[in-house]
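*Asks:* Dropping a structure here in structure tokens format, bear with me for questions.
The values are calculated or read from the model by the stated rules, or taken from the named source; none is laboratory data. It should be emphasised that the depicted structure is a prediction, and the values quoted were computed from it without experimental measurement. Neighbour counts run over all protein chains shown; Cβ positions are idealised from the backbone, glycine included.
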Amino acid sequence: MTAGTSPSPTEQRETPHRSGFACFVGRPNAGKSTLTNALVGTKVAITSNRPQTTRHTVRGIVHRPDAQLVLVDTPGLHKPRTLLGERLNDVVRTTWAEVDVIGFCLPADQKLGPGDRYIATELAGIKKTPKVAIVTKTDLVEPEQLAQQLIAVDRLGKELGIEWAEIVPVSAEGDQQVDLLADLLVPLLPEGPTLYAEGDLTDEPEQVMVAELIREAALEGVRDELPHSIAVVVEEMLPREGRPADRPLLDIHANLYIERPSQKGIIIGPKGRRLKDVGTKSRKHIEALLGTPVFLDLHVKVAKDWQRDPKQLRKLGF
């Protein structure tokens, strides 16, 4: 457009609004949930330094003037050893088939390994969906190590016939290039109207999110003798009767299920201190999520070998 002339009808036309679904994949503990939370700007996916903590497909919603990006957070794909593991892998593959773009998370501080190759090989079989390679945790490495990882990721794509739409280094913890990642994902989405109301951050039921926050607190600091055998079921969430309108209280009753009686003591801790700590930590996050004071009642129960028992898995929501 030259100076002094009005914009042409084409130039006046606004950029089309885009909306769609993106999912982050990667081996367990590759930083997928932390990245989801950083993009959404709040805690919608549970994070833990232990692998395989995400068990539900959590959607985080990123609202922008030009787009709505719905993030689907899946469990880490891994070689399954239990029936639960097989079901989690099925969830991942179903999700891949339904999204508009896939973000493959590879941590900058770990060399590419068999787990990454296993996932990349599966991704190579999905031809139509655009794939973005996201090198996560860049705050943990020096520039030289990061450069080597970016080259290795590019090489892996070429070896397997994957054409990366982008290769992006990010640090969700250090808030580096998170906005840039969103800028690069948006053009890969289809044109369309908003899918969720302004202000919605997730479509996950509140009860499921509360259970996840309790489980995250329970996973913190458990010794190696307690593997991923904790499931949490919120039995009841009810406003306390007889409270004045300006001082509401929500009663939440939840059960923590473990697989063996010997694990009960680990969760409860000496004189019940550990369970009390789990309650205190998770209650703060639950109150922030729900915006109301909470009374949290936690009980530990044994569901023998639940990760391998189809009936128990159904009962616990898997």
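*Asks:* Check whether at least one residue in the range 306-317 is farther than 17 Å from Arg215 by Cα, modelled with pLDDT under 80 and not in a helix (DSSP H, G or I), and report yes or no. Before the answer, list the steps.
*Replies:* Taking the range 306-317 and keeping what is farther than 17 Å from Arg215 by Cα, we get 308-312, 314.
Next, from what is left, pick out any that are modelled with pLDDT under 80: 308-312, 314.
If we keep only those that are not in a helix (DSSP H, G or I) as well, we get 309.
Checking the range 306-317: at least one residue is farther than 17 Å from Arg215 by Cα, modelled with pLDDT under 80 and not in a helix (DSSP H, G or I).
*Asks:* Right, something else. Would the range 127-137 turn up any residue that is on the phi > 0 side of the Ramachandran plot, in the same structural domain as Phe24 (by TED's automatic domain parsing), in contact (Cβ under 8 Å) with a residue 60 or more places away in the chain and out of contact with any strand residue (DSSP E or B) (no Cβ under 8 Å at 6 or more places or on another chain)? Steps first, please.
*Replies:* Taking the range 127-137 and keeping what is on the phi > 0 side of the Ramachandran plot, we get 137.
Cutting the leftovers down to in the same structural domain as Phe24 (by TED's automatic domain parsing) gives us 137.
Okay, now just the ones that are also in contact (Cβ under 8 Å) with a residue 60 or more places away in the chain, so 137.
With the extra rule that they be out of contact with any strand residue (DSSP E or B) (no Cβ under 8 Å at 6 or more places or on another chain), the set shrinks to none.
So far as the range 127-137 goes, no, none of its residues is on the phi > 0 side of the Ramachandran plot, in the same structural domain as Phe24 (by TED's automatic domain parsing), in contact (Cβ under 8 Å) with a residue 60 or more places away in the chain and out of contact with any strand residue (DSSP E or B) (no Cβ under 8 Å at 6 or more places or on another chain).
A quick yes/no check of all residues on (1) in contact with a Phe, Trp or Tyr (Cβ under 8 Å, 6 or more places away or on another chain); (2) aliphatic (A, V, I, L, M); (3) part of a helix (DSSP H, G or I):
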| site | (1), (2), (3) |
| --- | --- |
| Val278 | no, yes, yes |
| Ser282 | no, no, yes |
| His285 | no, no, yes |
| Ala288 | no, yes, yes |
| Phe295 | no, no, no |
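*Asks:* Sticking with this structure for a sec: Please determine, by comparing only the residues of the range 108-135 that are β-branched (Val, Ile, Thr), in contact with a Phe, Trp or Tyr (Cβ under 9 Å, 6 or more places away or on another chain) and assigned to a strand (DSSP E or B), which one is surrounded by the fewest Cβ atoms within 10 Å (Cβ to Cβ). So that I can check it myself, show each step before the final result.
*Replies:* To start, the set of residues in the range 108-135 that are β-branched (Val, Ile, Thr) comprises 119, 121, 126, 129, 132, 134-135.
Right, trim to in contact with a Phe, Trp or Tyr (Cβ under 9 Å, 6 or more places away or on another chain) and you get 119, 126, 129, 132, 134.
After this cut, where a residue has to be assigned to a strand (DSSP E or B) as well, the list is 132, 134.
Working: Val132: 20, Ile134: 28.
So the residue we want is Val132.
*Asks:* Going by the conditions given, is Thr54 farther than 23 Å from Val186 by Cα and at pLDDT below 75?
*Replies:* Numbers: farther than 23 Å from Val186 by Cα: yes; at pLDDT below 75: yes.
Yes: the conditions hold for Thr54.
*Asks:* All but one of (1) exposed (fewer than 15 other Cβ atoms within 10 Å of the Cβ); (2) under 22 Å from the mean Cα position of the chain (by Cα) hold for Leu160, so report the exception by its number.
*Replies:* If we test Leu160 against (1) exposed (fewer than 15 other Cβ atoms within 10 Å of the Cβ); (2) under 22 Å from the mean Cα position of the chain (by Cα), just (2) comes out false.
*Asks:* Here's something else I'd like to know. Tell me which of these Ser33 doesn't satisfy, since it passes every other one: (1) touching a helix residue (DSSP H, G or I) at 6+ places or on another chain (Cβ under 7 Å); (2) modelled with pLDDT under 85; (3) surrounded by 22 or more Cβ atoms within 10 Å (Cβ to Cβ).
*Replies:* If we test Ser33 against (1) touching a helix residue (DSSP H, G or I) at 6+ places or on another chain (Cβ under 7 Å); (2) modelled with pLDDT under 85; (3) surrounded by 22 or more Cβ atoms within 10 Å (Cβ to Cβ), just (1) comes out false.
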